[in-house]
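Please read the structure below before turning to the comments.
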Amino acid sequence: MTRQLLLFLLGLAFLAGACAPSGPSAKGPALLGNWSTVKNYDATEIVFSVESDGTKQFNSFLRGRPYESGTWQVKGGDISVFANGNNTYTFKDFKVENNKLTFTENGKQAIFNKIIETDEALETFKALLPKFNKFLNVTFPPPVKTTFPWLVSSSGDGLVQVNGYETTARVTVNGDFTHVNQAVSVLKDNGFSVDQLNVTEIVDGFRKGSLVGLVLLGSDEENNDVCDVTIRLGSLDK
C-alpha cells in the first residue's frame with residue numbers, strides 16, 4: 001500500500017468518525033427505561049422500551065395510572081412519539097447524562113430522573129452473606145438465581161413458586177449440629193420472623209415483608225462431621 005493511499009484511507013476514517021453521532025444524547029438506547037418527571041411534563045412517569053419484535057414502545061403514566069401510549073423514534077437530536085389517537089409529539093434536543101433526561105417541548109425544557117430499579121432480594125442477600133460467613137466460619141459462593149416453593153396458606157392452592165437466589169456451603173460440624181442450627185439467628189437479627197407454614201425438621205422459613213428466606217440443612221450419611229447449608233432468598237412480589 002502506498003503512503004498516499006494510506007493517508008487517504010486514514011482521512012476517510014477520521015471523517016466518518018467525526019460525522020458519526022457521539023455522546024449519549026445521540027443514541028436511542030440511552031433512552032430505554034423508566035423516567036420520573038421532575039418538571040414541565042404532564043405525565044409523572046414515561047417509559048421508552050423496545051418490544052421483542054423490534055417495536056419501539058412509549059408509555060406514560062399519571063400518578064401510577066396509564067396516561068398515553070404509542071411508539072417512538074429518534075431522528076437527529078429529537079424524539080418523535082406517535083401516540084394512540086393520531087397525536088404526534090416532538091421532543092427536541094434531547095440529552096441523557098448522569099441518569100437525567102432533558103428535552104424541549106413547546107418551548108419549555110422538561111427534566112426527568114431515571115428510575116433505577118433494584119433487586120431487593122439480591123441486595124439483601126449480598127448484605128446478609130458476610131454475616132452467615134462469619135457465623136458459620138465458611139465462605140459461601142455468590143448467590144445464583146433459583147426458584148423455590150413457598151406456602152402462603154395451608155389451603156390446597158397455597159403453594160407458590162418464588163423467584164430468588166440461593167447459595168450452598170459445606171460446614172464442618174464434627175457431629176454436633178447445635179451451632180449450625182443457630183445460623184438462622186442471622187435472619188432473626190435482621191428483621192426476619194419465623195414463618196411456621198414453611199418450617200420442617202430440616203428447613204426453617206422466614207419472612208420480612210415481601211421477602212422470604214429458607215435455611216436448609218443437608219447431612220451426609222457417610223460423613224457426620226459435615227453439613228451442607230443452603231440459603232435461599234426471594235420476593236413474593238417477583
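Restricting to the stretch 131-161, name every residue that is among the hydrophobic types (A, V, I, L, M, F, W, C) and under 18 Å from CYS227 (Cα atoms). It would help to see each step written out before you state the result.
Here is the first cut: in the stretch 131-161, the ones among the hydrophobic types (A, V, I, L, M, F, W, C) are 132, 135-136, 138, 140, 144, 148, 150-152, 159-160.
PHE132, PHE135, LEU136, VAL138, PHE140, listed by residue number.
Looking for whichever is touching a Leu at 6+ places or on another chain (Cβ under 8 Å) and either loosely packed, with under 15 Cβ neighbours inside 10 Å or in contact (Cβ under 8 Å) with a residue 40 or more places away in the chain (or both) here; the options are PRO141, PRO149. Which one fits? Don't jump to the end; show me each part of the working.
Details: PRO141 fails: touching a Leu at 6+ places or on another chain (Cβ under 8 Å).
Checking each option against the conditions leaves just PRO149.
Checking GLU201 against (1) surrounded by 14 or more Cβ atoms within 10 Å (Cβ to Cβ); (2) modelled with pLDDT under 95; (3) not hydroxyl-bearing (Ser, Thr, Tyr): exactly one of these is not met. Which one?
(1) is the only condition that GLU201 fails.
Would you be able to say whether some residue in the stretch 127-138 is under 20 Å from the mean Cα position of the chain (by Cα), surrounded by 14 or more Cβ atoms within 10 Å (Cβ to Cβ) and either among the β-branched types (Val, Ile, Thr) or in the same structural domain as VAL226 (by TED's automatic domain parsing) (or both)? Working first, answer last.
Residues of the stretch 127-138 under 20 Å from the mean Cα position of the chain (by Cα): 127-129.
Applying the additional criterion that residues be surrounded by 14 or more Cβ atoms within 10 Å (Cβ to Cβ) yields 128-129.
Now narrow it down to the ones that are either among the β-branched types (Val, Ile, Thr) or in the same structural domain as VAL226 (by TED's automatic domain parsing) (or both): 128-129.
Yes, the conditions are met somewhere in the stretch 127-138.
Exactly one of (1) in contact with a Phe, Trp or Tyr (Cβ under 7 Å, 6 or more places away or on another chain); (2) at pLDDT below 95 is unmet by VAL81. Its number?
VAL81 satisfies all of (1) in contact with a Phe, Trp or Tyr (Cβ under 7 Å, 6 or more places away or on another chain); (2) at pLDDT below 95 except (2).
In this structure, does LEU151 turn out to be over 20 Å from ALA127 (Cβ atoms) and in contact with a Pro (Cβ under 9 Å, 6 or more places away or on another chain)?
Numbers: over 20 Å from ALA127 (Cβ atoms): yes; in contact with a Pro (Cβ under 9 Å, 6 or more places away or on another chain): no.
When the stated conditions are applied, LEU151 does not pass them.
Being more than 19 Å from LYS134 (Cβ to Cβ) and either surrounded by fewer than 12 Cβ atoms within 10 Å (Cβ to Cβ) or not assigned by TED's automatic domain parsing to the domain that holds PRO143 (or both) is the filter here, so list the residues in the stretch 177-198 that pass it. Spell out how you get there, then give the answer.
From the stretch 177-198, those more than 19 Å from LYS134 (Cβ to Cβ) are 193-198; that's our starting set.
SER193, GLN196, listed by residue number.
From the list VAL212, VAL226, pick out the single residue that is of a type in the set (A, V, I, L, M) and either exposed (fewer than 14 other Cβ atoms within 10 Å of the Cβ) or closer than 23 Å to THR118 by Cα (or both).
Details: VAL226 fails: either exposed (fewer than 14 other Cβ atoms within 10 Å of the Cβ) or closer than 23 Å to THR118 by Cα (or both).
VAL212 is the lone residue from the list that is of a type in the set (A, V, I, L, M) and either exposed (fewer than 14 other Cβ atoms within 10 Å of the Cβ) or closer than 23 Å to THR118 by Cα (or both).
Where in the stretch 62-167 are there strands (runs of 3 or more DSSP E), lying wholly inside it, with at least 3 residues that are under 27 Å from LEU187 (Cα atoms)? Let's see the steps before the verdict.
Working: elements: 65-75, 78-83, 87-97, 100-105, 108-114, 144-151.
So the answer is 144-151.
If you take just the strands (runs of 3 or more DSSP E) that sit entirely in the stretch 183-238, which of them hold at least 2 residues that are of a type in the set (Gly, Ala, Ser) and in contact with a Cys (Cβ under 8 Å, 6 or more places away or on another chain)?
Correct list: 211-220.
Restricting to the stretch 98-120, give me the number of residues that are within 15 Å of LEU32 (Cβ to Cβ) and out of contact with any Lys or Arg (no Cβ under 9 Å at 6 or more places or on another chain).
Count: 3.
Criterion first (at positive phi and either buried (at least 17 other Cβ atoms within 10 Å of the Cβ) or out of contact with any Phe, Trp or Tyr (no Cβ under 7 Å at 6 or more places or on another chain) (or both)) does GLY164 satisfy it?
On the way: at positive phi: no; either buried (at least 17 other Cβ atoms within 10 Å of the Cβ) or out of contact with any Phe, Trp or Tyr (no Cβ under 7 Å at 6 or more places or on another chain) (or both): yes.
Here the answer is no, as GLY164 does not meet what is asked.
The values are calculated or read from the model by the stated rules, or taken from the named source; none is laboratory data. Fair warning: this is a prediction, and the values are worked out from it, not measured in the lab. In this analysis, Cβ positions are derived from the backbone assuming ideal geometry, glycine residues included, and neighbour counts consider all displayed protein chains.
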